[in-house]
Amino acid sequence: MGMCESCHAGCCRSYAIPINGADIIRMERESKLTFWEFACRWADPQGEIAGNYAPHFHFQDEPETQFVICLKQIESKVLPGTQCCQFLQEGEPDAEHPLGISRCGMYLGRPAACRVFPTKYDVEHELPILHTVPKYGREEQNPAYQLCPRQWVKEDVDPIAVAHELMIARYEVSFFNHIAEAWNRSPKPWDMFPGFIRDVYANRISTQSDIELLHAATSKTETPSTISMQQPSTIKMHQ
């Protein structure tokens, strides 16, 4: 039986899950929900949510606050007084599973941070590495926030799938960092953010002629991955 087969999903309850631009586009497609229905900006003054993974964004209404774009959490329906990812499908507790068995309701469209847990990429050796998973995901030692019942071992992870997911995650996080740099040069209102993201990703594909024109218009010292701050064509207002 896999590590997650009988789990109450402590990771989906404990953590603020960072999402990148590709996650946002994918989740809008898979869930048929709007950005405002599943995403939020999470204040991260100490950098604990971002870690070495997610970029920080600033917005006009709170220019001094650094935010991470995350999935929303809701009150748990089966474990009162605790929170969980809104996409978590919670199972009722029973005698055999006192915390229930829960499943991801957005598994095929889940964010990169969820896809690679609990691994990271060893850049020097180009290999996946298993994290040491703590007993609890939060300082509050509520049973709901307990994580994996034991440490993961190599046999728990598909060596092909996890390597692919880590490489994709590295690329998408790097691209999202470029987006954050562009946005933060001139922070806009929060309600303009999803429109900006959609415009960036809608124009991410280039042709050979586009690249040749770009090279002709820029010096060798400039980075061709610079993202321009364009006014989104469609603005979704935050209600």
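Filtering segment 130-153 to residues that are exposed (fewer than 12 other Cβ atoms within 10 Å of the Cβ) and either outside any loop (DSSP other than H, G, I, E, B) or of a type in the set (A, V, I, L, M, F, W, C) (or both) leaves only Val153.
For segment 184-203, enumerate the residues that are outside any helix (DSSP H, G or I) and either polar (S, T, N, Q) or exposed (fewer than 12 other Cβ atoms within 10 Å of the Cβ) (or both).
Those that are outside any helix (DSSP H, G or I) and either polar (S, T, N, Q) or exposed (fewer than 12 other Cβ atoms within 10 Å of the Cβ) (or both): Ser186, Asn203.
Among all residue pairs at least 6 apart or on different chains, which show Cβ distances below 6 Å where the first residue, located in segment 120-139, is without any contact (Cβ under 8 Å) to a residue 40 or more places away in the chain and the second is among the hydrophobic types (A, V, I, L, M, F, W, C)? That search, which allows pairs on different chains as well, returns Asp122/Ile129; Pro128/Val162; Pro128/Ala163; Pro128/Leu166; Leu130/Trp152; Val133/Leu147; Val133/Cys148. Looking at Phe59, Phe67, just one residue is among the aromatic types (Phe, Trp, Tyr), in contact with a Phe, Trp or Tyr (Cβ under 9 Å, 6 or more places away or on another chain), closer than 29 Å to Ile197 by Cβ and free of Cβ contacts under 8 Å to residues at least 60 places away in the same chain, and that residue is Phe67. For segment 45-78, a residue qualifies if it is more than 12 Å from the chain's Cα centre (by Cα), surrounded by 14 or more Cβ atoms within 10 Å (Cβ to Cβ) and within 17 Å of Glu181 (Cβ to Cβ), and the qualifying residues are His56, Phe57, His58, Phe59, Gln66, Phe67.
So Gln86 fits all but one of (1) surrounded by fewer than 20 Cβ atoms within 10 Å (Cβ to Cβ); (2) in contact (Cβ under 8 Å) with a residue 24 or more places away in the chain; (3) farther than 24 Å from Pro134 by Cα; what number is the exception? All conditions pass for Gln86, except number (3). Condition test on Met192, is it aliphatic (A, V, I, L, M), modelled with pLDDT of 95 or more and within 30 Å of Pro63 (Cβ to Cβ)? For Met192, the condition - aliphatic (A, V, I, L, M), modelled with pLDDT of 95 or more and within 30 Å of Pro63 (Cβ to Cβ) - is met.
For the criterion of being at pLDDT below 95, of a type in the set (D, E, K, R) and surrounded by 12 or more Cβ atoms within 10 Å (Cβ to Cβ), Asp156 passes. Scanning segment 8-42 for residues that are closer than 26 Å to Glu92 by Cβ and of a type outside the set (D, E, K, R) yields His8, Ala9, Gly10, Cys11, Cys12, Ser14, Tyr15, Ala16, Ile17, Ser31, Leu33, Phe38. Within segment 3-31, residues that are closer than 25 Å to Ala43 by Cβ and free of Cβ contacts under 8 Å to residues at least 12 places away in the same chain sit with their Cβ atoms under 9 Å from residues that are β-branched (Val, Ile, Thr) and not in a helix (DSSP H, G or I), at 6+ positions apart or across chains, in these pairs: Glu28/Thr34.
The values are calculated or read from the model by the stated rules, or taken from the named source; none is laboratory data. As the structure is a prediction and not an experimental result, all values here were calculated from the model. Heads up, the Cβs are rebuilt from the backbone with ideal geometry, glycines too, and the neighbour counts pull from every protein chain shown.
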